[in-house]
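Take a look at the structure set out below.
We did not get these values from a lab; they are worked out from the coordinates using the rules stated. Nothing here was measured: the structure is a model prediction, and the numbers come from that model. No Cβ is skipped: glycine too gets one built from the backbone with ideal geometry, and neighbour counts run over all protein chains shown.
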Amino acid sequence: MYNSASMKQFITLLATLALTLSACATENSLWGVQSTPTARIPTVTLPASSTASPRPTDTLIPTATMTLTATHPAPTQTLVQVSTPNPQDQPILYYAQSGDSLDSIARRFSVDVDEITSPKDVPQEGLIEAGTLLIVPDRIEAKKTPNDKTVPDSEVIFAASASNFDVAAYITEAGGFLSTYKQWVTTSGTTSGTDVLKKLSRDNSANPRLLLALLEYESGWVFGQPTDMFREKYPMGFQIQDDDQGLFKQLQWTINQLFAGYYGWRSGTLTELTFPDGETIRLNPELNAGTVAIQYFFSRQRNRSEWERVIDPNSPSSFVAYYNEMFADPWVRAATVEPFFAPGMTQPELALPFEPNVQWNYTSGPHGAWDREGPLAAIDFAPPSDHKGCDVSSLWVTAAASGLIARADAGVVVIDLDSDGNEQTGWTLLYLHIAEEGRIPVGTWVKVNDRIGHASCEGGISTGRHVHFARKYNGEWILPDSALPFVLGGWTIHFGAKPYQGTMTRGARTVTADPYGQAWSVIIREPNE
């Protein structure tokens with residue numbers, strides 16, 4: 001609903017801006033021209049029998065993995081009319097993108113929330129409807145990255161547009177080094193390259209098309225052979241120590257870099273890139289999360305001049321051009337699944353994932369959803385015990401909401417709340433470290449509070465029995481302290497100063513995460529919760 005007072009302010013502002021049109025006509029961002037890529041199916045596609053076009057030789061610089069840490073104020077759902085920007089600041093007319101909140105936009109533009117205005121009422125906390133016009137002071141004086149939106153959000157995460165992509169068939173038909181590659185993986189023994197990529201895509205919720213394209217662009221593994229011994233061991237060019245070799249670790253590192261960019265941008269905690277030589281550049285605040293993911297990934301091992309060529313959509317040797325050749329126009333696929341978030345949506349009601357009247361401990365605050373370096377979307381609960389260890393707990397883990405069991409294997413249980421059996425659509429809940437003994441089977445429909453299994457150490461690295469719990473929506477991990485607060489049985493999850501730290505609050509009560517199960521971490525679900 002439009003606010004009349006705000007609309008008068010908006011019209012007055014546009015009239016003022018018109019007086020300076022001759023001086024600003026070349027600045028598209030001033031007038032809010034949306035940078036929506038034109039749908040284009042490339043006239044040249046890579047047949048599976050061909051080899052990919054030659055890639056320019058880059059000097060890759062090994063870098064250490066960045067750990068993403070985020071803190072946010074706890075949101076409340078209220079509507080406000082925010083103030084008019086200072087007339088001394090030349091404004092930018094920005095159109096909200098799916099997943100935006102006032103807090104994340106303010107962080108990206110380096111302004112205060114109350115400096116952002118709109119001809120519409122917008123939520124002070126919560127998601128803003130995609131396409132909503134926002135007027136933001138232009139305060140960023142530093143050199144910025146290009147404003148070209150090159151990769152949709154749905155091409156970075158494992159969205160519904162990738163659900164029917166046949167990874168195995170594509171790799172087999174391509175016939176490159178990847179199609180015959182095998183390696184030893186601790187959890188699965190000797191594993192094909194195809195299965196490595198499929199597993200990492202599914203577990204991390206990363207788009208398999210993008211991983212294949214990056215692997216081919218960096219090493220030639222998909223359609224050809226690695227160019228040298230280094231690329232055979234380290235196909236993504238990441239090497240800090242010898243055991244970084246092999247496809248599994250190389251792809252996991254790749255996913256972590258993409259997600260540091262994607263989720264850092266989504267939350268507003270990432271606003272600039274730092275190149276290996278120490279040079280920095282400010283991220284253009286109008287970019288989308290998918291584009292930032294790619295810009296961040298390539299900034300990790302390339303200095304600025306090489307980075308600019310790789311991300312330039314007009315360069316025939318850029319990754320963007322290469323990606324279009326391999327998989328056609330990604331924006332056409334994105335149009336079938338985006339925007340991800342509906343206006344005004346909220347998290348469905350969720351219960352604590354264990355039975356009432358039983359003591360559990362909140363052992364880990366927000367940390368990596370799958371990998372340790374991943375987006376900080378997961379929390380841990382541990383059952384009480386008189387001894388340490390990984391033996392299976394006798395206490396039951398329960399369904400936090402009603403839905404269909406979409407996956408139940410290797411320590412994992414996934415509840416699909418829309419019950420279509422597709423983890424890439426709607427809300428899903430991930431439970432990790434659920435013992436095989438007593439675990440609920442795939443295809444079972446559960447009601448909230450139904451028993452689904454027992455906490456253990458199965459399904460990943462663990463020093464003691466516990467359950468790891470996280471949320472996804474349309475394939476995207478949902479962070480706590482975001483526009484979609486993480487609430488379990490009335491308890492709201494909050495970030496701490498570091499990963500694995502944090503609190504749960506309900507009214508005046510606070511439970512603090514503690515890996516040793518100290519008294520302040522105890523939580524008991526009440527019968528009526």
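Just to confirm the filter: which trypsin sites (Lys or Arg not before Pro) across the stretch 408-472 are DSSP coil and have at most 11 other Cβ within 10 angstrom of their Cβ?
447
Would you kindly state how much longer the chain becomes between residue 112 and residue 228 on full extension, computed as 0.36 nm times their sequence separation minus their alpha carbon distance, in nm to one decimal?
Full extension from residue 112 to residue 228 adds 36.7 nm.
Using label points projected 7 Å from each Cα along Cα→Cβ, tell me how many nm separate residue 184 and residue 282, to one decimal.
Modelled inter-label distance: 5.1 nm.
Expressed as cubic angstrom per residue, what is the convex hull volume of the alpha carbon set of the stretch 442-529?
162 Å³
Please work out whether the stretch 359-524 counts as rounded, prolate or oblate from its C-alpha gyration tensor, where a ≥ b ≥ c are the square roots of the eigenvalues and a/c under 1.5 means rounded, while otherwise a/b larger than b/c means prolate and anything else oblate?
Oblate, since a/c reaches 1.5 and b/c is not below a/b.
Output the pairs from 143/472; 143/249; 249/498; 233/472; 472/498 with a Cα-Cα distance over 31 Å in this structure; if there are none, say none.
Over 31 Å apart, Cα to Cα: 143/472; 143/249; 233/472.
Spelling out what I want: for every residue of the stretch 153-158, take phi, set θ = phi - 60°, compute 6.51 cos²θ - 1.76 cosθ + 1.60 (Karplus), and round to whole Hz; glycine and proline get x.
Calculated HN-Hα couplings, in order: 4, 5, 8, 9, 8, 7 Hz.
Over the stretch 228-341, what portion of Cα pair distances is larger than 17 Å, expressed as a whole percent?
Percentage above 17 Å: 63.
Amide H of residue 476 versus every other amide H placed in the peptide plane: which residues, excluding those fewer than 5 positions away on the same chain, fall under 5 Å?
Here the answer is none, since no amide H 5 or more places off falls under 5 Å of that of residue 476.
In percent, what relative contact order does the stretch 359-524 have, based on Cα pairs under 8 Å that are 6 or more apart in sequence?
Computed value for the stretch 359-524: 28 percent relative contact order.
Among 454, 466, which comes first, second and so on when ranked by fewest other beta-carbon atoms within 10 Å?
Placing the least packed residue first, the sequence is 454, 466.
Classify the stretch 341-414 from the C-alpha gyration tensor, please: rounded if a/c falls under 1.5, else prolate or oblate depending on whether a/b exceeds b/c.
Prolate, because a/c is 1.5 or more and a/b exceeds b/c.
In the stretch 398-467, what GluC sites (Glu not before Pro) fall in a loop by DSSP, with at most 11 other Cβ atoms inside 10 Å?
Here the sparse-neighbourhood loop sites are 437.
Suppose the chain between residue 121 and residue 386 were pulled fully straight at 0.36 nm per residue; how much longer would it get relative to their current alpha carbon spacing?
89.9 nm
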